[in-house]
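Below is one structure, written out as structure tokens; comments come after it.
The values are calculated or read from the model by the stated rules, or taken from the named source; none is laboratory data. Computed from a predicted structure; not experimentally measured. Don't worry about glycine lacking a Cβ; one is built from the backbone with ideal geometry, like all the others, and counts go over all protein chains shown.
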Amino acid sequence: MKRHLAGGMALGLAGRVVALFFLLAGCSAQFTTSYDAALVSGLNAANEEALVFFSEVSVGVSTGRFADLAPRYDSLIGKFEALRLQSKARPVPALGLQLGSKLPGCGSAGECLDSSNIALDEIVGIFEGMKGDNRNLGLTAAAVQINKAGYQIAIEQVLVIENALRGK
Amino acid sequence: MIDIDELAAAIVGSLKGAVQSGVNIATSFVKSQTNGLAVQAALITEARITGQITEEQFKRFNKQLRALTENFVRTLAHLFLITLQQAWNAVVDVLWGGINQALDLAGFPKLPIPSAPQA
């Protein structure tokens, strides 16, 4: 048997329902940063550049190649650093930080909401490390492979969040 | 009139959809990351044993691996908060949709969905 509320009583009852919802916090909520289409576009472009670069140096690079490759490292470092700053500039709702501080794995200050910024920081570190190694001692194929694998773990951590944010 | 049974079914459907979507994303993310981190650990160890990387590189890569593992956990928690937000707002949308439909039919103006106060 379907249950209905009589139309004539709608306002009184709707008023009570509204009150109930305020009690149950029936308000739309924002716990996280907002989706940023420009940031995602930048991430995709930088990711493509990074993967092309890894492919080119996959067999390893000598110190002799550093002069040619230096601008490539600088381009990647600059792009990912800019993306990190862009990501970090997004406001984080205080409500999210409070909730996050109660969530296991999020950190006592809601640090999990910073996960993309931290991953982008690691990516900058990877390319800075590669640049230094290329200059000082060259990179073996294995070293390039390790850097690439680390990069892929980090970029996935960024992209999964951005894709999830777009879902809302 | 508000049909409570229909509204309840719509809420559950919306909630299931939002939660399932979040669970799907998280599951494939966990699989990919745990595999990636395990492979990375093996690559680093192998490269050290075969002399393909220096001791300094070995320490740096391990430090990076630790940082990436910690951030994997953070990212998972972050995903959970996003799913929670989406599920919450999906329910609120359905509820207010039901309320406003009833008010509209009764000739009253619709109400905007209120936002949670900024803490």
#### Entry: Qualifying residues in the range B:85-99 (those that are of a type in the set (A, V, I, L, M) and within 12 Å of residue A:27 (Cβ to Cβ)) - the one farthest from the other protein chains (Cβ to nearest Cβ)
B:91
### Task
Inspect the range B:4-18 for any residue being out of contact with any Phe, Trp or Tyr (no Cβ under 8 Å at 6 or more places or on another chain), facing another protein chain (nearest Cβ under 9 Å), part of a helix (DSSP H, G or I) and closer than 27 Å to residue A:165 by Cβ and give the result as yes or no.
yes
#### Entry: Residue list for the range A:112-135, filter: farther than 26 Å from residue B:79 by Cα and either within 7 Å of another protein chain (Cβ to nearest Cβ) or crowded, with 23+ Cβ neighbours inside 10 Å (or both)
A:127, A:129, A:130, A:133, A:134
## Note on the structure
Within the range B:55-70, residues facing chain A (nearest Cβ under 7 Å) and more than 30 Å from the chain's Cα centre (by Cα) come out as B:57, B:60
### Query
Hey, among A:62, A:55, which residue is surrounded by fewer than 18 Cβ atoms within 10 Å (Cβ to Cβ), closer than 30 Å to residue A:132 by Cα, without any contact (Cβ under 8 Å) to a residue 60 or more places away in the chain and among the small types (Gly, Ala, Ser)?
A:55
### Query
Quick one: residue A:93 ticks every box in (1) surrounded by 17 or more Cβ atoms within 10 Å (Cβ to Cβ); (2) within 8 Å of chain B (Cβ to nearest Cβ); (3) under 18 Å from residue B:70 (Cα atoms) bar one, so which box is it?
(3)
### Query
What residue, of B:102, B:42, is more than 7 Å from chain A (Cβ to nearest Cβ), among the small types (Gly, Ala, Ser) and part of a helix (DSSP H, G or I)?
B:42
### Message
Just to be sure before I move on: is residue B:54 at pLDDT below 95 and either of a type in the set (Val, Ile, Thr) or in contact with a strand residue (DSSP E or B) (Cβ under 8 Å, 6 or more places away or on another chain) (or both) in the structure I sent?
### Response
no
### Query
In this structure, does residue A:114 turn out to be at negative phi, within 18 Å of the chain's Cα centre (by Cα) and not aromatic (Phe, Trp, Tyr)?
yes
### Query
Restricting to the range B:68-102, what's the tally of residues that are hydroxyl-bearing (Ser, Thr, Tyr) and surrounded by 19 or more Cβ atoms within 10 Å (Cβ to Cβ)?
2
## Note on the structure
Exception for residue A:141 within (1) surrounded by fewer than 15 Cβ atoms within 10 Å (Cβ to Cβ); (2) free of Cβ contacts under 8 Å to residues at least 60 places away in the same chain; (3) more than 7 Å from every other protein chain (Cβ to nearest Cβ); (4) of a type outside the set (D, E, K, R) falls at (2)
### Query
Which ranges mark the helices (runs of 4 or more DSSP H) fully within the range A:2-89 that have 3 or more residues being modelled with pLDDT of 90 or more?
A:37-56, A:66-88
